[in-house]
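J.: Okay, here's the structure, questions in a sec.
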Amino acid sequence: NTLQVKSSETKEHTLRMRKLSFDFGKSLDLSNSELNRISLLSTLHDIGKITIGEKILKKPGQLNDEEWELIKEHPERGYKIANSSEEFAVVAEEIFAHHESWDGSGYPRNLRGDAIPYLARMISIIDAYDVMTHDRPYSKAVSKEETLKEIRSCAGSQFDPELAEAFITMMKN
């Protein structure tokens, strides 16, 4: 609720993320337990943003270096928040890792490949898809087709290549 007050797009983004993550999880034959975890993760992945000022979260233009560094702290801040709750601790590590990249170029810990938790690799694709296909204060939406092309072009660098291909296949079906 706090995050929704700070950033108006959050509720809609979260609802879309939950649906997409559930559908993607079903297409990958995740267990009920994993489906519950991916649903919780899709809801809480950006919880660390509650510690960042609205001025930065709603800024319509590009962030300066200092503002960008603050944004890049949200996965670790989210990890600490989730880890402080027994109910949310089950996805704390995935929250910490949801901006890591397959090739190790992500943040905050530069994890690579299979060192990135599986559900975090899934959420990064789903999050990118949702962000690209909806207007944001700093960018206009692009078509679903263009977004899927971008996901394919980032497979092996930003995204787990197998998960990226599975997501593209699911979205085309």
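J.: Given the conditions (1) more than 19 Å from R121 (Cα to Cα); (2) open to solvent by 60 Å² or more (accessible area, probe 1.4 Å); (3) outside any loop (DSSP other than H, G, I, E, B), and given that E67 satisfies all but one, which numbered condition is not satisfied?
T.: (2)
J.: Moving on. Just checking, which of R121, R136 is out of contact with any Phe, Trp or Tyr (no Cβ under 9 Å at 6 or more places or on another chain) and among the basic types (K, R)?
T.: Numbers: R121 fails: out of contact with any Phe, Trp or Tyr (no Cβ under 9 Å at 6 or more places or on another chain).
Within the list R121, R136, the selection yields R136.
J.: Considering (1) more than 25 Å from S21 (Cβ to Cβ); (2) among the basic types (K, R); (3) buried (at least 16 other Cβ atoms within 10 Å of the Cβ), say which one R77 fails and leave the rest.
T.: So R77 meets the others, but not (1).
J.: Between a first residue in the range 127-149 that is touching a residue at least 12 places away in the same chain (Cβ under 8 Å) and a second residue that is among the basic types (K, R), which pairs have beta carbons less than 6 Å apart while being 6 or more apart in sequence or on different chains?
T.: D130/R16; T133/K144; P137/K58
J.: Of all the residues that make up the range 93-124, how many are under 24 Å from L15 (Cα atoms), assigned to a helix (DSSP H, G or I) and open to solvent by 30 Å² or more (accessible area, probe 1.4 Å)?
T.: Selection size over the range 93-124: 2.
J.: In the list G61, G48, G53, G25, which residue meets the criterion of being touching an Asp or Glu at 6+ places or on another chain (Cβ under 8 Å), of a type outside the set (A, V, I, L, M, F, W, C) and either modelled with pLDDT under 95 or over 15 Å from P117 (Cβ atoms) (or both)? Before you say what the answer is, go through the steps one by one.
T.: Values: G61 fails: touching an Asp or Glu at 6+ places or on another chain (Cβ under 8 Å); G53 fails: touching an Asp or Glu at 6+ places or on another chain (Cβ under 8 Å); G25 fails: either modelled with pLDDT under 95 or over 15 Å from P117 (Cβ atoms) (or both).
That would be G48, the only listed residue that is touching an Asp or Glu at 6+ places or on another chain (Cβ under 8 Å), of a type outside the set (A, V, I, L, M, F, W, C) and either modelled with pLDDT under 95 or over 15 Å from P117 (Cβ atoms) (or both).
J.: Between L20, L35, L30, L40, which is in contact (Cβ under 8 Å) with a residue 60 or more places away in the chain and open to solvent by less than 60 Å² (accessible area, probe 1.4 Å)? Before you say what the answer is, go through the steps one by one.
T.: On the way: L35 fails: in contact (Cβ under 8 Å) with a residue 60 or more places away in the chain; L30 fails: in contact (Cβ under 8 Å) with a residue 60 or more places away in the chain; L40 fails: in contact (Cβ under 8 Å) with a residue 60 or more places away in the chain.
The match here is L20.
J.: Out of all the residues in the range 155-168, which are of a type outside the set (G, A, S), touching a residue at least 24 places away in the same chain (Cβ under 8 Å) and either touching a helix residue (DSSP H, G or I) at 6+ places or on another chain (Cβ under 6 Å) or part of a helix (DSSP H, G or I) (or both)? Outline the logic, then answer.
T.: Residues of the range 155-168 of a type outside the set (G, A, S): 158-163, 165, 167-168.
Imposing the further condition that a residue be touching a residue at least 24 places away in the same chain (Cβ under 8 Å) reduces the set to 158-161, 163, 167.
Across the range 155-168, the qualifying residues are F159, D160, P161, L163, F167.
J.: Right, next: Touching a Gly at 6+ places or on another chain (Cβ under 9 Å) and surrounded by 15 or more Cβ atoms within 10 Å (Cβ to Cβ) - does that describe any residue in the range 129-143? Spell out how you get there, then give the answer.
T.: Kept after step one, since they are touching a Gly at 6+ places or on another chain (Cβ under 9 Å), are these residues of the range 129-143: 137-138.
Now narrow it down to the ones that are surrounded by 15 or more Cβ atoms within 10 Å (Cβ to Cβ): none.
Within the range 129-143 (the criterion being touching a Gly at 6+ places or on another chain (Cβ under 9 Å) and surrounded by 15 or more Cβ atoms within 10 Å (Cβ to Cβ)), the answer is no, since none of the residues qualifies.
J.: Hey, another quick one. One residue is enough: does the range 101-108 have a residue meeting the conditions modelled with pLDDT of 95 or more, under 12 Å from the mean Cα position of the chain (by Cα) and of a type in the set (S, T, N, Q)?
T.: Taking every residue of the range 101-108 in turn, at least one turns out to be modelled with pLDDT of 95 or more, under 12 Å from the mean Cα position of the chain (by Cα) and of a type in the set (S, T, N, Q).
The values are calculated or read from the model by the stated rules, or taken from the named source; none is laboratory data. It should be emphasised that the depicted structure is a prediction, and the values quoted were computed from it without experimental measurement. No Cβ is skipped: glycine too gets one built from the backbone with ideal geometry, and neighbour counts run over all protein chains shown. Quick note on the areas: whole protein, heavy atoms, side chains included, nothing else; ligands and nucleic acids left out. Shrake-Rupley method; radii C 1.70, N 1.55, O 1.52, S 1.80 Å.
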